[in-house]
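The values are calculated or read from the model by the stated rules, or taken from the named source; none is laboratory data. Since this is a predicted model, take the numbers as computed values, not measurements. FYI the Cβ positions are ideal-geometry reconstructions off the backbone, even for glycines, and counts take in every protein chain you see.
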Amino acid sequence: MSSLNQLTVTEATEKLAKRECSSEDIVRAVLAAIEKNDKQVGAYLTVDAESALAQAKEADVARARGETKPLLGIPVGMKDLLNVKGQPCTCASKILKGYVAPYDATVVAKLRVAGAVILGRLNMDEFAMGGSTENSAYQPTKNPWDLSRVPGGSSGGSAAAVAADEALATLGSDTGGSIRQPAGFCGCVGLKPTYGRVSRYGLTAFASSLDQIGPLTKTVKDSALLLSAISGRDAMDSTSLDAPVPDYAAQLGGDLKGLRLGLPKEYFIEGLDAEVEQKVRAAVAKCRELGAEIVDISLPHSKFAVAVYYIIATAEASANLARFDGVRYGLRVDGEDPIDQYGKTRAAGFGQEVKRRIILGTYVLSSGYHDAYYLRGQKVRTLIRRDFEAAFQHCDAILTPVAPSAAYKLGEQINDPLKMYLGDIFTIPVNLAGNCAINVPCGFTQEKLPVGLHIIGPALREDVILKVGHAYEQVTDWHKQKAAVSGQLSAIS
């Protein structure tokens, strides 16, 4: 029998409704899993067990009163750049050590309204800059499928917690693939919503025109439930969209008849791992069996996406991170004058990767280089978006690998930033275009490492990518496989 911490959100909600267990039971099982395994995995930076149990007891009282909320009593973990009132929000950086959030991010407030229990803070690459969660100032996170490998990044803690059954679901952020790539590496579902679908208020910004918050879950239906809970217009975020929020979970079901799914030739290229390609092509074949028509498409400007991303994202990061100066909050290193203090504080507080990106971003915005780099990058971004618009005239969604390889060894790429940057080659174009996309598990390599199917949809068509992912999930059992770490927990109930 599955332990309570191994339940999906959907299964837990059903058990709670039938009074087969309490929210307190589920939270205690999750806390036991964290206590037992997180010393190995390193998914969490802090866990507020006392608060989580108090929230669970409140949820049980509310349920006894007859209250019905979509996520009542469900424990959810938070990436450490989402502000949760009364909890630390360090962004896995020394420069914010000791900072405690004075308010809830909008997504956190919405989860509370939906009844969710907020568990704690999940590890990440510092300020979301990295693809392996090795850039955290506090600890590396390890992949629950193989503790010698990375979980992906920057939402590596969020993905690892789900894969290790240390949370029923988590929230992450995705600037260039930071939800989808770790979901692919850790064998879970990761959804990047359309830019503006989810409020960014209370998210510590990396690149404001690219960042988007989304769920990491064990099933597609669970992602649909969380997406409905966190989406919607927010007066506190002028970039959030005033668009209706469907009941995504209620729309799931059926086959793929009538849908056209595109295969971009630019995504099946030299450098793509042979095992990854084989698993993804097998998933495409399964979608064809489900009734979808597979069509060949082209996204010709995708080859420029990584270069464009590292101009635009670093430029925005340079501006966004200017606020961390040691004056108002976080680390302060005293200097002879304010300028000396700023320099010493930032030198001591930021890690190597963050410094690299701030320097690059400041350079491309500097006088004499703005037009050559930043302005030209924005123009190519427009071409990338138009490629997608043209492709979606011929298909309803696009299927690609989520990453060129499965999870690699810890330490393998940390000293080769260019190689690590190229790991986001399949995910970055989606952020530049502002589209939605989801990772769904689609198999394993011979070394038992998860492989992900990347499903890209047009703006505001999360319903389409969820439908495709759910239909595929219903005829496969990849999502039911348990990571080695999680398998050690069968005695917990």
With the structure loaded, tell me whether R233 is more than 14 Å from the chain's Cα centre (by Cα), within 16 Å of T106 (Cβ to Cβ) and without any contact (Cβ under 8 Å) to a residue 40 or more places away in the chain or whether it fails that test. yes
Filtering region 170-221 for residues that are small (G, A, S), within 23 Å of C89 (Cα to Cα) and crowded, with 24+ Cβ neighbours inside 10 Å leaves a count of 9
Among helices (runs of 4 or more DSSP H) completely within region 9-94, the ones holding 3 or more residues that are in contact (Cβ under 8 Å) with a residue 60 or more places away in the chain and out of contact with any strand residue (DSSP E or B) (no Cβ under 7 Å at 6 or more places or on another chain) are 9-17, 23-41
Among residues of region 39-52 being crowded, with 17+ Cβ neighbours inside 10 Å and either touching an Asp or Glu at 6+ places or on another chain (Cβ under 6 Å) or of a type in the set (A, V, I, L, M, F, W, C) (or both), the residue nearest to T10 (Cα to Cα) is A52
- [ ] State whether the residues of region 409-431 include one that is assigned to a strand (DSSP E or B) and farther than 26 Å from Q251 by Cβ.
- [x] yes
Checking P151, P140 in turn, the sole residue that is assigned to a loop (DSSP other than H, G, I, E, B) and either among the polar types (S, T, N, Q) or under 15 Å from A92 (Cα atoms) (or both) turns out to be P140
Please work out if E277 is surrounded by 15 or more Cβ atoms within 10 Å (Cβ to Cβ), in a helix (DSSP H, G or I), at pLDDT below 95 and within 27 Å of the chain's Cα centre (by Cα).
-> no
Q | So A167, is it surrounded by 24 or more Cβ atoms within 10 Å (Cβ to Cβ), assigned to a helix (DSSP H, G or I), of a type outside the set (S, T, N, Q) and at pLDDT 95 or above | A | no
Pairing a residue in region 407-421 that is modelled with pLDDT of 95 or more with any residue that is assigned to a helix (DSSP H, G or I), where Cβ atoms lie under 7 Å and the two sit 6 or more apart in sequence or on different chains, gives A407/F185
Of (1) touching a residue at least 60 places away in the same chain (Cβ under 8 Å); (2) in a helix (DSSP H, G or I), L331 satisfies every one except (2)
Note on region 100-131: residues out of contact with any helix residue (DSSP H, G or I) (no Cβ under 7 Å at 6 or more places or on another chain) and aromatic (F, W, Y) are Y103
Original post:
Do we have G253 as on the phi > 0 side of the Ramachandran plot and either in contact (Cβ under 8 Å) with a residue 40 or more places away in the chain or surrounded by fewer than 23 Cβ atoms within 10 Å (Cβ to Cβ) (or both) here?
Top reply: yes
Here the residues within region 112-150 that are surrounded by fewer than 24 Cβ atoms within 10 Å (Cβ to Cβ), under 30 Å from K57 (Cβ atoms) and among the aliphatic types (A, V, I, L, M) are V113, A114, I118
